[in-house]
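Computed from the coordinates by the stated procedures, all read-outs in this text should not be read as laboratory data. As the structure is a computational prediction, the values presented were derived from the model and not from experiment. Neighbour counts are summed over all protein chains in view; Cβ atoms, including those assigned to glycine, are modelled from backbone coordinates with ideal geometry.
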Amino acid sequence: MSKKKIQAIRGMNDILPAQTPIWQHIEHTLHQVLESYGYQEIRMPILEATELFSRSIGEVTDIVEKEMFSFVDRNSDNLTLRPEGTASCVRAGIQNGLFYNQIQRLWYIGPMFRHERPQKGRYRQFNQLGVEAYGLTGADIDAEIILMTARFWQKLGLDNLELQINSLGSAEARAVYRNKLVDYFLANESQLDEDSKRRLNTNPLRILDSKNPQMQNLIQSAPQLLDHLDKESQTHFQQLKNILDQTGINYRINPQLVRGLDYYNRTVFEWVTQELGAQGTICAGGRYDTLVEQIGGRSTPAVGFAMGLERLVLLLESKLQLSDINPHIYMIMVGNETVQQQGFALAESLRTALPELRLITNCGGGSFKAQFKRADKSAAKFALILGEDELHKQQIAIKNLRKKSEQTLLSISELADNLKQLIKE
Ligand code: HAM
């Protein structure tokens, strides 16, 4: 009886060996930039209490209403696979006393889970790099993290991203604005789609984020939050713009930018590309000064962002020429057991002598022909061939697998020196 094939869960992907070099390159570049700005890594669990997310992201957001992977565990606890990292980071900071009277510059990387409709650039398991800064109220830290994101793109060779910024002001100013907005939409209710009618009662600011082309005129003419900001938020926003202007970062003020999570106040921003269709937001974040208190800590100002690594990979995969990561050498060993033992000893001594060497030793035996085939398939540049005769003479044969050339003999005692030259070429 044939067994049913077990497949990966819909919207959850394997990252295969052919793709990992680009992931590693991106991660390495991001690490270097984060380090250069003095940010430290924090690692949080993937599973958290469901309440953490409903209390932070917001009960009436898409994420909490319909996208969380939640379940009841064996102890009847309500748990959720994290849909984002900010709530966990705040929970970890409170629990471990990282916030009170302290400044923290933190980052994390890892998988997040949202039950969305999968498409290019949108998955049910995806990876984010997140950055969160705690303990600073000024626009300077908002500017710092935006400048850092700009440096990510520069280091990765991306020059087609647009920075959009907006200010959501204080909760009080937003409540006043919310009423005005509801009045405006109520007066034009016939033009609202079903989703927006529902949001009118729950989360009217999110109507501004609608992508429905039929509603764009209505949205463009709606009262703007930027015209209803409290004084302090206006000054904060102006200070941010001044630093961005001074440092030569281009941006567009997008008054419709409201974000899909409830915890933001004042600065919000997104980096957007035209190259990925509807899933064009590569990186997004903002200030969230009330969240720490909301989750049970002492009031702590905070600002941060997260970027979708799958989207970065999609953008970069056609552009990046990664340096060669193929093995330099495949070592073929044919003959009795002594040949194999000596071959392994030699391979180890080469790895010690030449730390940059990428060397695969043949495992699993096989005839010369079979091993040679594997050497060719490995994409190695050279094959080293050790047999009983060669070993007896303390020699080893070398053959360039990528050029038409004769096999030559090298003395084992001089092998490391010879290879040092060869792997540079
Ligand atoms: P977010 O806007 O929900 O914000 O997600 C940030 C980024 O994660 C998005 O801009 C996108 O690149 C990526 N992303 C989101 N959902 C998916 C998906 N289903 N598939 C692939 N990529 C996705 C947050 O998560 C906030 N925690 C950001 C933040 C940190 N705000 C302050 N600190």
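Under a point-charge model restricted to the Cβ atoms of Lys and Arg (+1) and Asp and Glu (-1), what is the dipole moment magnitude of the chain relative to its Cα centre, in debye to the nearest 20?
It works out to roughly 1180 debye.
Would you mind calculating the gained length between Thr137 and Glu388 on full extension (0.36 nm times residue separation, minus the Cα-Cα distance), in nm to one decimal?
Length gained between Thr137 and Glu388: 83.1 nm.
Among Thr202, Thr361, what is the fewest-to-most ranking by other Cβ atoms within 10 Å?
Exposure proxy ranking, most exposed first: Thr202, Thr361.
Ranking request for peptides 98-111, 278-291: highest mean number of other beta-carbon atoms within 10 Å first, then the rest in descending order.
The peptides rank, most packed first, as 278-291, 98-111.
Say the dipole of the stretch 117-253 comes from +1 at the beta carbon of Lys and Arg and -1 at that of Asp and Glu; which of Asn160, Tyr123, Asn201 then lies farthest toward its positive end?
Tyr123
For Lys180, list the lysines whose Cα falls under 21 Å from its own Cα; do not include residues on the same chain fewer than 8 positions away.
Qualifying lysines at Cα under 21 Å: Lys197, Lys231.
Which of the lysines could be linked to Lys155 by a straight reach, that is with a Cα gap under 29 Å, when you skip same-chain ones fewer than 8 residues away?
Lys120, Lys241, Lys319, Lys424
I'd like to compare 191-200, 54-63: which one has the highest average count of other Cβ atoms within 10 Å, and what's the full order after that?
54-63, 191-200
Given a Förster distance of 30 Å, report the FRET efficiency between Arg151 and Arg10 from their Cβ-Cβ distance, rounded to the nearest 0.05.
Efficiency at R0 = 30 Å is approximately 0.25.
Taking 25 Å as R0, compute the FRET efficiency from the Cβ-Cβ separation of Gln220 and Asn250 and round it to 0.05.
E between Gln220 and Asn250, to the nearest 0.05, is 0.65.
Among Pro111, Ile94, Asn75, whose Cα lies farthest out toward the positive end of the dipole of the stretch 73-115, if unit charges sit on the beta carbon of Lys, Arg (+1) and Asp, Glu (-1)?
Projecting each Cα onto the dipole axis, the largest value belongs to Pro111.
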